[in-house]
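Novice: Submitted below is the structure of interest, expressed as structure tokens.
The values are calculated or read from the model by the stated rules, or taken from the named source; none is laboratory data. Since the structure is predicted, the reported quantities are computational estimates derived from the model, not experimental observations. With ideal geometry, Cβ positions are generated from the backbone for all residues, glycine too; neighbour counts draw on all protein chains shown. The accessibility values were calculated without ligands, DNA or RNA, using every heavy atom of the protein model including side chains. Shrake-Rupley method; radii C 1.70, N 1.55, O 1.52, S 1.80 Å.
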Amino acid sequence: MLLLHCLLPLLLLLPLPSRPQKLPTRDEELFQMQIRDKAFFHDSSVIPDGAEISSYLFRDTPKRYFFVVEEDNTPLAVTVTPCDAPLEWKLSVQELPEEASGEGSGDPEPLEQQKQQITNEEGTELFSYKGNDVEYFVSSSSPSGLYQLDLLSTEKDTHFKVYATTTPESDQPYPELPYDPRIDVTSLGRTTVTLAWKPSPTASLLRQPIQYCIVINKEHNFKSLCAVEAKLSSDDAFMMAPKPGLDFSPFDFAHFGFPADNNSGKERGFLKSSKFGRQTPPKPRVDLHRVCIGNKNIFTVSDLKPDTQYYFDMFAVNTNTNMSTAYVGTFARTKEEAKQKTVELKDGKVTDVFIKRKGTKFLRFAPVSSHQKVTFSVHSCLDAVQIQVRRDGKLLLSQSVEGVRQFQLRGKAKAKYLIRLKGSKKGASMLKILATTRPNKQSFPSLPEDTRIKAFDKLRTCSSVTVAWLGTQERNKFCIYKREVDDSYNEEQKKREQNQCLGPDTRKKSEKVLCKYFHSQNIQKAVTTETIRGLQPGKSYLLDVYVIGHGGHSVKYQSKLVKTRKFC
């Protein structure tokens, strides 16, 4: 049918035979188009029976479609779908001209006489509509005649679709809506909205393949899927060449903010230089998303912005026909982000901070007295955290912190410091932070670059293990603890217990091995060893070393899993 539609202008240029030409359609008996006058039908279109056609309108330029119903009492259904602009359309019918002359000779009437018969008669208007809704004309018993569909867009150039059939009962190309076609918002969060809807009877009762496509945007609801396609197009919608099979391709909905389809614009670029193309400035990127989710009837939209209103539309798509029906759209505003309190830091006092996964915390430090330097000491207990320090709005520091780090910044009289801490993507973050204007005030102990514990395999016995770790030039107190663990204990479990901020006070007294002071002025020789005795043969132990600073705060080295020999 599409081939005939494309060949129609060529067919009209051929000499007319003695009998009028008929365009073959799906149903020769009920739905045929007879071409009698090439001048009258030039620049017009034929609507095939049972197939949806896509076309466009230039603004203020009407377009007319024709089809013939040859028998009275024929069922008829016509559906017009506006895309990105309201349409005015009218369906009318007029009687077919007689094919034979009045003398009954059987010869066809002259073309001019046939043209006069068609054009001089005023057609009977059956239906008219103005707006951007998907509208239908349905009749169980239509008269025979020449039907014409007139369409006009007064707002702008626009894309639209038309579907007509003489067998509406058996076709049912559009998915049927449930008795309650609304979309329900079942859950609302700061960045998520959960939607639910009743399934289409076309899927649940007729067992036809239906998938649901959700559209999310911040502007308004959409009444048809082709309106969504027009909005997503980077160029004018009427320039978009249909691509069968690609209309409803699902895509990944991980991030909110979808790039425009630049390839389609390149493919249609040649139209702009033709006499029919109209030069238009490029459209801004559209913040609109579509995701097709199969036949599920519940879906959670994520990665939304807090305190933002979103519009949600649902379309049931018949994957056999690629035709769709819109549910009644809805809208919802995500919850506000919880207002964060700015934590005040006191000079020389350690503050504990907890940050949710991907969360942010703000701290403020306002020294009472004038100062030349300010020192920030940060102890990240788990994964790395991002720290930013601003002085009176000016960014002074932006770094990732893992373990213990110290930053010394130049001071300024009456300056105020704003510290922004951003948590890890992996999980929640815990840290300790100290701000001071007194350089000698060090609450956190200094650490070597390598905080691993080394075990000497050759020195293992059935009742002891020997380990070593690095120290620093600063004299600190080191305490070592042991804990027996099962043979099934693995690195993943050990990783979950790597909270460096948990001190010796959280351990059982029976787990303590010893404490000792240690330092070396030669950093290359700042190594200490210790043999842990009284262990059981063939058992696994988790060893922890804590270094305790002058202020009483401790930092835990990386835990070490060891195992005694089973036979000696």
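Novice: What accessible area, in Å² to the nearest ten, does a 1.4 Å probe give for Met430?
Specialist: 70
Novice: At 7 Å along Cα-to-Cβ for each site, give me the label-to-label distance between Thr192 and Asn295 in nm.
Specialist: Roughly 2.6 nm, to one decimal.
Novice: May I ask for the net charge around Lys432, where only other residues with Cβ less than 11 Å from the Cβ of Lys432 are counted and Lys, Arg are +1 while Asp, Glu are -1?
Specialist: 0
Novice: If N is the number of residues in the range 453-563, what value comes out of its Cα radius of gyration divided by 2.2 N^0.38 Å?
Specialist: This ratio for the range 453-563 stands at 1.06.
Novice: Could you give me the ³J(HN,Hα) list for the range 553-568, computed from phi with Karplus coefficients 6.51, -1.76, 1.60 and θ = phi - 60°, whole Hz, x at Gly and Pro?
Specialist: Karplus values, whole Hz, x for Gly and Pro: 7, 10, 10, 9, 6, 5, 5, 10, 9, 10, 9, 6, 6, 7, 10, 10.
Novice: Just need the relative contact order of the range 343-436 here, percent rounded to a whole number, with Cα pairs under 8 Å and 6+ apart.
Specialist: 47
Novice: Could you pull out every residue, at least 5 positions away or on a different chain, whose amide H is within less than 5 Å of the one on Phe518? Hs are placed 1.01 Å off N in the peptide plane, and Pro or chain starts have none.
Specialist: Asn476, Phe478
Novice: Between the range 305-344 and the range 387-461, what is the separation of their alpha carbon centroids in Å?
Specialist: Value for the Cα centre distance between the two parts: 40 Å.
Novice: Give me the accessible area of Leu177, 1.4 Å probe, in Å² rounded to the nearest 10.
Specialist: Looks like 50 Å² after rounding.
Novice: Rank Lys373, Lys477 by accessible area, highest first, at a 1.4 Å probe radius?
Specialist: Lys373, Lys477
Novice: What percentage of the solvent-accessible surface of the range 453-563, computed with a 1.4 Å probe over protein heavy atoms, is contributed by carbon and sulfur atoms?
Specialist: Of the solvent-accessible surface of the range 453-563, carbon and sulfur hold 46 percent.
Novice: If you count only protein heavy atoms with a 1.4 Å probe, what accessible area per residue comes out for the range 315-448, rounded to a whole Å²?
Specialist: 55
Novice: Once the piece of chain linking Lys130 and Thr342 is laid out straight, how much longer is it, given 0.36 nm per residue of separation minus the C-alpha distance between them?
Specialist: Gain on extension, Lys130 to Thr342, equals 70.7 nm.
Novice: Right, another one. Of the heavy-atom accessible surface of the range 343-436 (probe 1.4 angstrom), what whole percent is carbon and sulfur?
Specialist: With neighbouring chains kept in place, the figure for the range 343-436 is 48 percent.
Novice: Under 5 Å between amide hydrogens, which residues at least 5 positions from Lys539 or on another chain qualify, with H placed 1.01 Å from N in the peptide plane?
Specialist: Thr564
Novice: Between beta-carbons, use under 15 Å as the cut-off and find the net charge around Ile523, counting Lys and Arg +1, Asp and Glu -1.
Specialist: Result for the local shell: -1.
Novice: Now, a different point. Given the protein chains as shown and a 1.4 Å probe, how many square angstrom of Arg333 are accessible, to the nearest 10?
Specialist: Number for this one is 110 Å².
Novice: While we're here: Give me the net charge of Ala196's neighbourhood, meaning all other residues with Cβ under 15 Å from the Cβ of Ala196; Lys, Arg count +1, Asp, Glu -1.
Specialist: 0
Novice: Same structure again: R0 = 45 Å: FRET efficiency of Arg390 with Leu152, Cβ-based, nearest 0.05?
Specialist: Efficiency at R0 = 45 Å is approximately 0.15.
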